[in-house]
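Here is the structure we will look at.
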Amino acid sequence: MSALLEVDSVSRAFGGLVALDGCSLRVEEGKVAGLIGPNGSGKTTLFNVVTGYVRPDAGKVRLDGVDVTGASPARVFGLGLGRTFQLTRIFARLSVLENMLVATQRREGWLRSVVKGQSSPAERARAMELLEFVGLERLARSPAGILSYGQRKLLELAYVLVADPVIILLDEPAGGVNPSLINMIADRIRALNAEGKTFLVVEHNMEFVMNLCDQVTVMSQGTVIVSGTPDVIRKDARVLDAYLGGSDEDDLADVVAGDGSEVGHGVAGG
Amino acid sequence: MTPDAFSPAPAPVPSSSTAARWTKAGAWVAAGIVLIAFPLVFSTPAVTSIAVFTVIFMAAATAWNSFSGYSGYISIGHAVFFGSGAYTIALIALHLHLAGGYGIFWYVPLAGVVAMVIAVPVGLIALRTRRHTFVVITIAFFFIFQLLAYNLSSLTKGSAGILLPTPPWTGVGFNQHFYYAALVVLVVAVLLSAGVRHSRFGLQLLAIRDDEDRAAGLGVKTTRVKLIAYVISAFSVGMAGAVWAYFLGDIHPQFAFTPLFDLAVAIMAFLGGLGTISGPLFGAALLESLQQYFTLQYSAGDLYLFAYGALFLVVIVALPKGVIPTVADGYRRWHERRTQAMVDKTGRMSGAAPPLAPNLRTAMETGPGVKR
């Protein structure tokens with residue numbers, strides 16, 4: 001099976017800081033891939049390179065065989081790659097429904113977008129369907145600025161889905177979110193994956209990653225140190241080294257070793 | 001179950017109730033009637049003269065807002081388009097040897113088109129920058145154009161200025177012709193602004209205002225969207241400048257390209273409510289008529305600058321959102337309180353807001369609602 005997303009020895013330095021150093025990664029179609037690593041290991045920079053926000057100094061990014069190295073974010077999105085941000089980024093002064101409609105517009109020529117109304121009934125129905133899918137339909141008319149942090153994460157996921165991307169990159173979907181919502185997010189990702197969507201997920205919550213992902217890649221200091229199934233990653237000594245080697249996240253080592261089996265079965269705390 | 005991520009769960013705000021929609025439509029119709037009837041009711045030349053300037057600035061502020069208000073890119077250089085429109089009409093009248101009269105008004109749209117053409121290269125350069133840098137670049141462009149008007153004397157006659165032909169109208173009718181020409185420009189500006197606001201590309205513009213990079217990551221071609229809005233905005237401003245020039249009768253670089261225009265339209269939109277359709281209309285109607293009144297009454301032409309400064313401070317401190325949105329919010333809150341009080345009285349639905357949990361659970365049990 002060919003890789004849907006292929007990152008080929010990408011490097012990027014910010015001044016003297018080498019954020020990515022010959023980093024390679026493959027995400028197979030139909031999989032949920034995880035990307036973990038200590039803070040500062042280059043995960044978000046890799047996301048930014050893949051989605052067109054940061055130009056790599058060297059290396060190639062291919063999406064479904066198409067070279068998208070250095071393409072604009074709008075073009076990468078147009079080719080079917082959606083992403084969410086670590087610190088959620090929504091349009092605070094637009095209503096939740098209007099937020100959803102921003103992404104519906106990617107296939108439009110400029111003249112049609114000037115002449116046409118904001119949205120068609122079909123697009124609004126589709127947007128409401130997706131809001132229902134993430135449980136935000138009651139807030140459709142409210143300004144997005146009033147949403148809580150967790151709700152913003154859900155909205156960000158929903159409005160990326162509007163454009164029906166083939167692969168979605170999630171940057172810490174579970175960060176700063178309460179446990180019941182984490183379960184809901186995991187559940188939504190599984191449901192979407194069952195329909196054929198591919199995911200690449202950056203996350204520090206090991207239980208979340210180990211239960212959700214088919215394949216986990218571990219980064220450290222700008223490069224990939226190991227890649228494999230969750231079981232392989234749990235037993236890999238290099239992973240523990242990466243986390244223990246001077247990182248303040250040593251407690252994660254225990255979690256990596258544990259099986260985290262209590263995650264992912266309905267809503268906790270109901 | 002109290003999932004804190006889902007707690008503030010306010011009842012969905014109705015998009016706009018039928019009553020509210022009728023109130024709104026009624027207000028627009030009433031404003032239209034007032035604007036059409038005004039010079040017929042108050043026909044004193046001093047008053048209609050104020051009214052002409054006021055309507056011109058209502059159009060200019062509306063047009064400015066349809067770019068800067070929606071996109072969040074504050075342009076302090078729209079006098080470039082106002083002056084270009086003014087010079088276009090003056091040069092057309094000069095070189096085509098047009099006689100004063102209605103004929104000249106037919107060239108007003110052409111002045112708008114010239115402003116649009118100028119807006120393309122200016123926009124392409126200025127829009128490469130963001131926020132504060134953008135403001136500075138637009139100011140720089142403004143000065144470049146003022147200097148050009150001074151120094152390209154073979155074209156613009158430099159500081160001597162250009163005289164426009166005097167229309168043959170006399171008495172009360174004189175100002176009225178200009179008033180209705182300005183009103184047509186105003187209607188065009190408002191329709192364009194409303195059109196932009198309710199189009200797909202207008203939504204993209206608002207998305208850019210809130211978070212440009214995020215919008216780009218959702219497929220919005222940001223440079224193109226900003227440039228189109230900038231050019232459309234230049235069109236109405238250019239037409240406003242053309243009517244203004246013809247009304248004044250002669251133009252000079254320092255008046256056609258004046259920094260006071262740049263500040264005035266921005267303050268008008270800020271005062272009324274940035275990014276709303278009625279806000280700039282309200283702001284311009286208030287400020288421009290006051291300014292003209294003081295100029296006529298006290299002949300202290302620059303006194304209004306103090307008033308502008310003071311007003312700007314008041315707006316920023318007391319009404320950061322502008323008058324129209326503040327009033328609308330106040331009304332909505334009052335309305336909600338009243339509805340809530342009525343609900344409490346009947347004893348239903350009092351107490352905590354219903355939790356979202358049932359919804360959430362249903363959504364999860366029925367599985368994904370996504371099918372393609």
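The values are calculated or read from the model by the stated rules, or taken from the named source; none is laboratory data. What you see is a predicted model, and the numbers here were worked out from it, not measured in a lab. Here Cβ is always computed from backbone atoms with ideal geometry, including for glycine, and neighbour counts include all displayed protein chains.
Within segment B:158-182, residues that are at positive phi have Cβ atoms under 7 Å from residues that are at pLDDT 85 or above in these pairs: B:Gly158/B:Tyr150; B:Gly158/B:Asn151; B:Gly161/B:Asp250; B:Gly161/B:Ile251; B:Gly161/B:His252, counting only partners at least 6 apart in sequence or on another chain.
From the list B:Leu203, B:Leu192, the one residue that fits, being more than 7 Å from every other protein chain (Cβ to nearest Cβ) and either more than 15 Å from B:Phe247 (Cα to Cα) or outside any helix (DSSP H, G or I) (or both), is B:Leu192. Counting only residues that are facing chain B (nearest Cβ under 9 Å) and in a strand (DSSP E or B), segment A:139-189 holds 1 of them. Applying the condition of being touching a residue at least 60 places away in the same chain (Cβ under 8 Å) and at positive phi to segment A:165-200 and asking which residue is farthest from the chain's Cα centre (by Cα) yields A:Gly196. Only a single criterion out of (1) in a helix (DSSP H, G or I); (2) crowded, with 23+ Cβ neighbours inside 10 Å is not satisfied by A:Val10, namely (1). Across segment B:242-288, the qualifying residues are those that are under 18 Å from B:Ala51 (Cβ atoms) and in contact with a strand residue (DSSP E or B) (Cβ under 9 Å, 6 or more places away or on another chain), and the one among them that is surrounded by the fewest Cβ atoms within 10 Å (Cβ to Cβ) is B:Gly249. Considering only residues that are touching a helix residue (DSSP H, G or I) at 6+ places or on another chain (Cβ under 6 Å) and part of a helix (DSSP H, G or I), look in segment B:247-258 and name the one that is farthest from the other protein chains (Cβ to nearest Cβ). Looking at residues that are touching a helix residue (DSSP H, G or I) at 6+ places or on another chain (Cβ under 6 Å) and part of a helix (DSSP H, G or I), I get B:Pro253. The single residue among B:Tyr87, B:Tyr107 that is more than 18 Å from the chain's Cα centre (by Cα) and surrounded by 24 or more Cβ atoms within 10 Å (Cβ to Cβ) turns out to be B:Tyr87. Each residue in segment B:329-359 was checked for being outside any helix (DSSP H, G or I) and at pLDDT 50 or above, and 2 pass. As for segment A:46-54, it holds at least one residue that is more than 14 Å from chain B (Cβ to nearest Cβ) and of a type outside the set (Ser, Thr, Tyr). I'd like to check something: does segment A:190-200 contain any residue that is away from chain B (no Cβ under 11 Å), modelled with pLDDT under 90 and in contact with a helix residue (DSSP H, G or I) (Cβ under 9 Å, 6 or more places away or on another chain)? Taking every residue of segment A:190-200 in turn, none turns out to be away from chain B (no Cβ under 11 Å), modelled with pLDDT under 90 and in contact with a helix residue (DSSP H, G or I) (Cβ under 9 Å, 6 or more places away or on another chain). Report whether or not B:Arg197 is in contact with a Lys or Arg (Cβ under 8 Å, 6 or more places away or on another chain), farther than 18 Å from B:Gly123 by Cα and part of a helix (DSSP H, G or I). The answer is no for B:Arg197. Of all the residues in segment A:83-104, those that are closer than 18 Å to A:Val201 by Cβ and either within 8 Å of another protein chain (Cβ to nearest Cβ) or over 13 Å from the mean Cα position of the chain (by Cα) (or both) number 3.
Test A:Val7 against the stated conditions and say whether it is under 27 Å from A:Phe208 (Cα atoms) and modelled with pLDDT of 90 or more. So A:Val7 does not fit the description; no.
Across segment A:217-238, the number of residues qualifying as of a type in the set (A, V, I, L, M), surrounded by 18 or more Cβ atoms within 10 Å (Cβ to Cβ) and part of a strand (DSSP E or B) comes to 3. Condition test on A:Leu20, is it buried (at least 19 other Cβ atoms within 10 Å of the Cβ), touching a Lys or Arg at 6+ places or on another chain (Cβ under 9 Å) and away from chain B (no Cβ under 11 Å)? Judged against the criteria, A:Leu20 is a match. In the set (1) in a helix (DSSP H, G or I); (2) facing chain A (nearest Cβ under 7 Å); (3) of a type outside the set (Val, Ile, Thr); (4) more than 22 Å from B:Met116 (Cβ to Cβ), the condition left unmet by B:Phe178 is number (2).
Filtering B:Val220, B:Val231, B:Val237 for residues that are in contact with a helix residue (DSSP H, G or I) (Cβ under 9 Å, 6 or more places away or on another chain) and not in a helix (DSSP H, G or I) leaves a single hit, B:Val220. Against the criterion of being of a type in the set (A, V, I, L, M), surrounded by fewer than 17 Cβ atoms within 10 Å (Cβ to Cβ) and more than 20 Å from the chain's Cα centre (by Cα), B:Ile137 does not qualify. Per this entry, A:Gln118 is not counted among residues that are facing chain B (nearest Cβ under 9 Å) and modelled with pLDDT of 85 or more. Of the helices (runs of 4 or more DSSP H) contained entirely in segment B:80-166, those carrying at least 2 residues that are aliphatic (A, V, I, L, M) and under 26 Å from B:Val225 (Cα atoms) fall at B:108-126, B:131-151.
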